[in-house]
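Novice: What follows is a structure written as structure tokens; I'll ask about it next.
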Amino acid sequence: VDIPPGLELMHPLGPKYKISSGFGMRNIGGSATKNHKGVDITAPVGTAIYAPQDGVVMFAGDTTPNGCGGFVKLNHTGVGLMTKFWHLTEWVVKKGDEVKKGQLIGYTGGQKGAKYAGNSTGPHLHYEVLNTGGLAMNPTKVHSNMA
């Protein structure tokens, strides 16, 4: 995947938080598989989430009953990317807000049974990076600070 030369996306939680479920096909029980279009980053409920790049909030809110739960979507028009953040326990931005790289956008959630958890079995952030055509890209391929 090509990204603009010199572009450095900020890790949305900070590099000390590690990926617990990677991008791509994964087993979701028995013989069932699913294409995981992002990465899951394990973090305690209430961990701050930051905008990885300047952008505009396209959506911020509760998506229940779908699996996203608390959800924020950013459009980074200047660099040709979008990012999505799922299972938030709280969001501090609203649709139309302009955000700067490193700005607080919300807090992680995902605790099973908690408000805004969506389809989640434990505390984490589901994070996606997409090109302007909506094609999901492996975040570890566009972040130098994510493994």
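The values are calculated or read from the model by the stated rules, or taken from the named source; none is laboratory data. Computed from a predicted structure; not experimentally measured. Positions of Cβ are generated from backbone atoms using ideal geometry, with glycine treated the same way; all protein chains shown enter the neighbour counts. These area figures cover heavy atoms from the full protein model, side chains too; ligands, DNA and RNA do not enter into them. Shrake-Rupley method; radii C 1.70, N 1.55, O 1.52, S 1.80 Å.
Novice: Take region 61-70 and flag every residue that is at pLDDT below 95 and touching a strand residue (DSSP E or B) at 6+ places or on another chain (Cβ under 7 Å).
Specialist: Step one: of region 61-70, the residues at pLDDT below 95 are 62-70.
If the condition is that a residue be at pLDDT below 95 and touching a strand residue (DSSP E or B) at 6+ places or on another chain (Cβ under 7 Å), then ASP62, THR63, CYS68, GLY69, GLY70 are the ones that fit.
Novice: If you don't mind, there's one more thing I want to ask. Could you tell me whether region 127-138 includes any residue that is assigned to a strand (DSSP E or B), at pLDDT below 90, of a type in the set (A, V, I, L, M, F, W, C) and within 14 Å of HIS11 (Cα to Cα)?
Specialist: No, that holds for no residue.
Novice: Looking at region 130-140, is at least one residue surrounded by fewer than 20 Cβ atoms within 10 Å (Cβ to Cβ), among the β-branched types (Val, Ile, Thr) and touching a strand residue (DSSP E or B) at 6+ places or on another chain (Cβ under 8 Å)?
Specialist: Yes, region 130-140 has at least one match.
Novice: If you don't mind, another one. Kindly provide the set of residues from region 59-70 that are open to solvent by 20 Å² or more (accessible area, probe 1.4 Å) and either within 12 Å of the chain's Cα centre (by Cα) or not charged (D, E, K, R) (or both), ordered by number. Break it down stepwise before answering.
Specialist: Start the filter on region 59-70 by keeping residues that are open to solvent by 20 Å² or more (accessible area, probe 1.4 Å), which leaves 59-60, 62-67.
If the condition is that a residue be open to solvent by 20 Å² or more (accessible area, probe 1.4 Å) and either within 12 Å of the chain's Cα centre (by Cα) or not charged (D, E, K, R) (or both), then PHE59, ALA60, THR63, THR64, PRO65, ASN66, GLY67 are the ones that fit.
Novice: Mind listing whichever residues of region 108-129 are free of Cβ contacts under 8 Å to residues at least 24 places away in the same chain and either crowded, with 23+ Cβ neighbours inside 10 Å or at positive phi (or both)? Working first, answer last.
Specialist: Keep residues of region 108-129 that are free of Cβ contacts under 8 Å to residues at least 24 places away in the same chain, which gives 112-113, 121.
Listed by number, the list holds a single entry, GLY113.
Novice: Another question, if that's okay. Picking from GLY96, GLY106, which residue would you name as being touching a Ser or Thr at 6+ places or on another chain (Cβ under 9 Å) and at pLDDT 95 or above?
Specialist: GLY106
Novice: Can you find, within region 73-93, the residue that is most open to solvent (accessible area, probe 1.4 Å) among those that are assigned to a loop (DSSP other than H, G, I, E, B) and either at pLDDT 95 or above or among the β-branched types (Val, Ile, Thr) (or both)? Break it down into steps so the answer makes sense when it comes.
Specialist: Going residue by residue through region 73-93, those that are assigned to a loop (DSSP other than H, G, I, E, B) are 77-80, 92-93.
With the extra rule that they be either at pLDDT 95 or above or among the β-branched types (Val, Ile, Thr) (or both), the set shrinks to 77, 79, 92-93.
Numbers: THR77: 105, VAL79: 34, VAL92: 69, VAL93: 10 Å².
Taking the candidates together, the pick is THR77.
Novice: Of all residues in region 8-33, which are open to solvent by 30 Å² or more (accessible area, probe 1.4 Å), out of contact with any Pro (no Cβ under 7 Å at 6 or more places or on another chain) and modelled with pLDDT of 75 or more?
Specialist: Within region 8-33, GLU8, PRO15, LYS16, TYR17, LYS18, ILE19, SER20 meet the criteria.
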